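*Asks:* Following this message is one structure expressed as structure tokens.
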């Protein structure tokens with residue numbers, strides 16, 4: 001699998017988790033010791049339990065959004081993705 005393919009796979013699994021709000025799908029995106037920053041200047045969520053809890057507390061409902069993305073670059077395990085989200089519900 002190429003780096004681009006692995007990155008696309010991860011983003012697609014992120015999209016599935018985002019659309020389903022399934023705790024197992026959310027946790028599967030991250031390592032147990034992951035640190036997830038959701039916005040600048042806010043403390044990150046740490047580890048599976050906190051990431052899943054934070055995600056579900058701030059979740060979008062399925063069908064409330066459309067998402068598309070493109071891989072900008074990947075190198076040595078670091079990937080860059082540009083994404084666009086259109087919310088269908090204000």
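*Asks:* For the structure I just gave you, tell me whether residue 44 is surrounded by 12 or more Cβ atoms within 10 Å (Cβ to Cβ) and not assigned by TED's automatic domain parsing to the domain that holds residue 66.
*Replies:* Taking the combined requirement at face value, the residue satisfies it.
*Asks:* Counting only residues that are surrounded by 13 or more Cβ atoms within 10 Å (Cβ to Cβ) and more than 22 Å from residue 68 (Cβ to Cβ), how many does segment 1-27 have?
*Replies:* The total comes to 2.
*Asks:* Where in segment 3-90 are the helices (runs of 4 or more DSSP H), entirely inside, with at least 3 residues that are at pLDDT below 95?
*Replies:* Working: elements: 3-20, 23-27, 47-57.
In segment 3-90, the matching helices (runs of 4 or more DSSP H) lie at 3-20.
*Asks:* Of the residues 54, 79, only one is surrounded by 12 or more Cβ atoms within 10 Å (Cβ to Cβ) and in contact (Cβ under 8 Å) with a residue 40 or more places away in the chain; which?
*Replies:* Among 54, 79, only 79 is surrounded by 12 or more Cβ atoms within 10 Å (Cβ to Cβ) and in contact (Cβ under 8 Å) with a residue 40 or more places away in the chain.
The values are calculated or read from the model by the stated rules, or taken from the named source; none is laboratory data. Remember, it's a predicted structure, so these values are computed and weren't measured experimentally. In this analysis, Cβ positions are derived from the backbone assuming ideal geometry, glycine residues included, and neighbour counts consider all displayed protein chains.
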